[in-house]
1. Can you list the lysines whose alpha carbon is less than 20 Å from that of LYS268, not counting same-chain residues fewer than 8 positions off?
2. So what's the Cα pair-distance distribution over the chain, bin width 10 Å, in %?
3. Please state the relative contact order of the chain as a whole percent: Cα pairs under 8 Å, 6+ residues apart?
4. For a quick check: sort TYR162, TYR204 by the number of other beta carbons within 10 angstrom, fewest at the front.
5. Exposure proxy check: VAL263, VAL125 ranked by fewest other beta carbons within 10 Å?
6. Where the centroid of each part is defined by its Cα atoms, how far is region 32-70 from region 83-157 in Å?
7. Using a 10 Å cut-off around each Cβ, can you sort MET279, MET209 from fewest to most neighbouring Cβ atoms?
8. Classify region 26-65 from the C-alpha gyration tensor, please: rounded if a/c falls under 1.5, else prolate or oblate depending on whether a/b exceeds b/c.
Amino acid sequence: MSLIPRSARHSDRPDYDEILEEIRREIHPHLSRGHVDDRIPALADLRPDGFGLALRTVDGALHQTGDAVEEFSIQSISKVFSLTLALQLEGDALWDRVGRAPSSSPFNSLAQLEHDRGIPQNPFVNAGAIILVDTILGHRGDGSDAILEFARSVTGNDNIRYNPKVTRSELEHSHRNAALAHLLRDFGNLHSEVDTVLEAYSRYCSLEMSCADLTQAVQYLAQGGLNPLTGDVVLTASLTKRTNALLLTSGVYGAAGDFAYRVGLPAKSGIAGGIVAIMPGMWCAAVWSPRLNRTSNSYAGTLALERLTTVTGTSVF
Ligand code: GLU
């Protein structure tokens, strides 16, 4: 792989445009590796060799390359927003219903939930996210578009929408998530009706955003919990620290250890190939490339973020 000159890496402010462009060129030969998810048929509409990368510094400067303004369904990245809302609404009581342990099984494991007697390992496995949605519905009502409102408020982009085709496709193939929801209900850890919670969960996953949007949407996690567009407190500084810790330990499912070793940042992935990564106090990055590796994270996206933290010499470690 070619390298950015050492001088560029160690200047006061890296030349992010040049760095992102160089990473795009380096990653290009790897875009055919991995497979697009086939559990949600509508994801077959994604361009398998698409690649976008964006980085937004805390002072608001946006740098981007490739398909960084192409929209895709953010899938499990929406769980970052669900967790933020659930923490706002419920505070520490949330942790009576969901754990904070790293994932030791696939993100949609029924066996793990049975083993843990209906307490999901963490908020980012599907069972945990179903609890988050249930919490939001409990406070905001069944018809609530809480996540859409949230995404619009943190991005300042009122054009952000759900993709109804993706919602429908996911709902039609949600037998495993339905099974998780029923199991949660059986253990007394789900209050809404299963169908209601599944519909909202699938809708949240179908939220469409671009890499550029996502770097704005998660800025509050790089900025001590403040929405930089409005100055509003999205999360307290303490909850921001805790959310980033959870993203580091369970944001990319079973790959968290390998990802921390290679990338070294709190991050959240989605099965449409998006990943957001947060460098607190400095920047947020988002990458999209739909082919996934064996841990259901974007193959090229993980590689790109590994290059980004290596070349810039920045990580939380
Ligand atoms: N909608 C997906 C599911 O429920 C989300 C999983 C993901 O993006 O990792 O399986």
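Bear in mind these aren't lab numbers, they're just calculated from the coordinates by the rules spelled out. Predicted model only: the values in this text are computed from it and were never measured. We place every Cβ from the backbone using ideal geometry, glycine too, and count neighbours over all the protein chains shown.
1. Within the straight-line cut-off, LYS268 pairs with LYS79, LYS241.
2. 6, 30, 38, 21, 5, 1
3. Relative contact order comes out at 27 percent.
4. By the 10 Å Cβ count, ascending, the order reads TYR162, TYR204.
5. Placing the least packed residue first, the sequence is VAL263, VAL125.
6. Region 32-70 and region 83-157 have Cα centres separated by 24 Å.
7. The most exposed by this proxy come first: MET279, MET209.
8. Since a/c reaches 1.5 but b/c is at least a/b, the shape of region 26-65 is classed as oblate.
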